[in-house]
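The values are calculated or read from the model by the stated rules, or taken from the named source; none is laboratory data. Here the structure is a predicted model, which is why all the values come from computation and not from measurement. Backbone-built Cβ (ideal geometry, glycine too); neighbour counts: all protein chains shown. We work out accessible area using only protein heavy atoms, side chains counted, and drop any ligands, DNA or RNA first. Shrake-Rupley method; radii C 1.70, N 1.55, O 1.52, S 1.80 Å.
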Amino acid sequence: MPHPLSLLQQRHSAPSRQLSEPGPAGDELEALLQASIRVPDHGKLVPFRLVLLRGEAKRSFGERLAQLSLRVNPDMPESKREKDRTRYDFAPLVVAVVAHVDASSKVPVIEQELSAGCVAYNLLLGAQALGYGAQWLTGWAAYDREAAGILGLADNEHVIGFVHIGTPQIDVPDRERPDLDEVVRTWTP
């Protein structure tokens, strides 16, 4: 029987450009999404939304971002614009995890955003548990209001990240992790 923490101890990101079919679909996708939204949510605000990008919608989104980048930065090299255009083409599923912030709530905005961040992390863990690879990416499109408009987001919503999910086409080597002694200390009065 595996150690109860083995999934967490083995968690790693698979490069989005190395993800392809198959990806989660049908009941498996619904179960993954249901599990991903089981997050801390102070005030029961449900401060998150999920926008699924699949098939032609991914390509259309990438194309619209490339057009937007041309307007915003006409001097951007074509190679970078092409990277923007094709960024969403590889993994069969890209989930835009969105923070849906209620600024009038007694719950601080940071807590609402962290709740949405937990959804993104649960997607990573859930994808791995199902045997898929995943990567959480942001990039300029996660922070741009016009890009948010392309996704149909409201003024009180912004992208926390794009989680790319699919089947890894390479064995992903683990990267060096910090030593616990470097990041943990015990507080004493």
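In table form, for the structure just shown:
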read-out	value
Computed lengthening from ALA103 to LEU70, 0.36 nm per intervening residue step minus Cα-Cα distance	8.6 nm
Alpha carbon convex hull of segment 80-170, volume per residue in cubic angstrom	101 Å³
Per residue accessible area in Å² of segment 33-189, where ligands, DNA and RNA are left out and the probe is 1.4 Å	57 Å²
Farthest positive-ward along segment 20-108 dipole, Cα basis, beta-carbon charges - from PRO108, PRO22, SER36	PRO108
Burial order of peptide ranges 81-87, 55-61 (average beta-carbon count within 10 Å, highest first)	81-87, 55-61
Only Lys, Arg (+1) and Asp, Glu (-1) charged, at Cβ; the chain dipole about Cα centre in debye	200 debye
Around VAL98: net Lys/Arg minus Asp/Glu count, Cβ-Cβ under 15 Å	-4
Relative packing of 36-43, 93-100, 15-22, which averages over residues the other C-beta atoms within 10 Å, highest first	93-100, 15-22, 36-43
Ordering of 104-115, 122-133 by burial proxy (mean other Cβ atoms within 10 Å per residue, highest first)	122-133, 104-115
Sequence of MET76, MET1 from largest to smallest accessible area, 1.4 Å probe	MET1, MET76
Extended-chain gain in nm, criterion 0.36 nm per residue less alpha-carbon gap, ILE110 and ARG185	24.6 nm
Protein accessible area in segment 83-127, 1.4 Å probe - carbon and sulfur %	61 percent
Candidates ARG49, ARG11, ARG71: whichever shows maximal mean-square fluctuation once the chain is modelled as a Gaussian network with Cα springs under 10 Å	ARG71
